[in-house]
Amino acid sequence: MKILFVGDIDGRPGRNVFTSSLPELNAKHTPDFVVVNCENAAAGKGMTDTVFSQLLEAGAHGMTSGNHIWDKNIFYPTLRGDARVIRPANYPPICPGFGYTVIERNGARLGLLNLQGRVFMPPIDCPFRAADAALADLAEKEAANLPILVDFHAEATSEKKALAIYLDGRVSAVVGTHTHVQTADEQVLPGGTAFISDVGMTGGHGGIIGVATETVLPRYLTGLPAKFEVCDTDVRLNAVIIETDDETARAVNITRVQMP
Ligand SMILES: [Fe+2]
Ligand SMILES: [Fe+2]
């Protein structure tokens, strides 16, 4: 199985480059599933139903997210009702939405689990124990060789690698998101779990991690709050392709993708 996982889609520039690049990526890599991180897809903050439809129509089969998924509460009913989009599983259970799901396409099934880190991030439940609980539930309901992709939305490289090692051999891939900067440490761990600290960001790379420089820099210079605007220069798609063995669901390969 081949999975194309696209890093945080940031606002309209990100949606546009995803939509325009996907036909070429599909032709070149023939992924069975296309999964995107959508936490910044609507104007850099959260999601809307319109953007959800746009991303599905463009060719996304499943969506993961992160801390920004909560920014637009008009999207909460969809989070509650449609398991093609998930939010980090380790938010308190009272929060709307699913933390993990199984998506299906042409008879193939792919498990998706979304977790969020706790280092330099808001204090929420333990992602390690949330992973154990989610995997136990999936093991009860699904085939033993279900491929599972984990999007670990986290700040610290150490926490990301720790979770990947903790889950090595139990999931097909642990891919990091949230920093918006693609790292060069892609690898398949000894147990067969593909890993990268951060997939990067799909959007404007000309500013500061997807935000226009003129709306970020003053905050550093003055300490005063500022309204962030999405960057629309140097627009690029950041992604990874993960290949798994159909018999064992172990990862065979992980490759970084950068498209202008
Ligand atoms: Fe993000
Ligand atoms: Fe984030």
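Read the figures in this text as sums done on the coordinates, not as results from a lab. Everything numeric in this text was worked out from a predicted model, so none of it was measured. Every residue, glycine among them, receives a Cβ derived from its backbone with ideal geometry; neighbour counts consider all protein chains shown.
Observations on the structure shown:
- Principal axis box of the chain, alpha-carbon based, largest edge first, Å: 53, 40, 35
- Percentage relative contact order, the chain, counting C-alpha pairs under 8 Å, at least six apart: 20
- Karplus (6.51, -1.76, 1.60) ³J(HN,Hα), θ = phi - 60°, over region 54-64, in Hz, Gly and Pro reported as x: 4, 5, 5, 5, 5, x, 7, 9, x, 9, 10
- Estimated vicinal HN-Hα couplings, Hz - region 74-86 in sequence order (Karplus 6.51, -1.76, 1.60; Gly, Pro = x): 5, 8, 4, x, 5, 4, 5, x, 10, 7, 6, 10, 10
- For GLY97, the residues 5 or more places off, or on other chains, whose built amide H falls under 5 Å of its own are ARG80.
- Note on TYR220 and ASP245: their simple-model spin labels are 4.6 nm apart, each label 7 Å out from Cα toward Cβ.
- Environment charge of ALA212, counting only residues whose C-beta is closer than 10 Å and scoring Lys/Arg +1, Asp/Glu -1: -3
- Modelled this way, with points 7 Å down the Cα-to-C-beta line, the labels at VAL102 and THR213 are 4.9 nm from one another.
- Projection of the Cα convex hull of region 1-108, averaged over all directions and equal to a quarter of that hull's surface, yields 6.6 nm².
- Distances between placed amide hydrogens fall under 5 Å for VAL150 paired with LEU113, ALA173, VAL174, VAL175, all partners being 5 or more residues away or on another chain.
- Amide H partners (placed H, <5 Å) of THR202, local residues excluded: ASP8, ILE9, ASP10, ASN238
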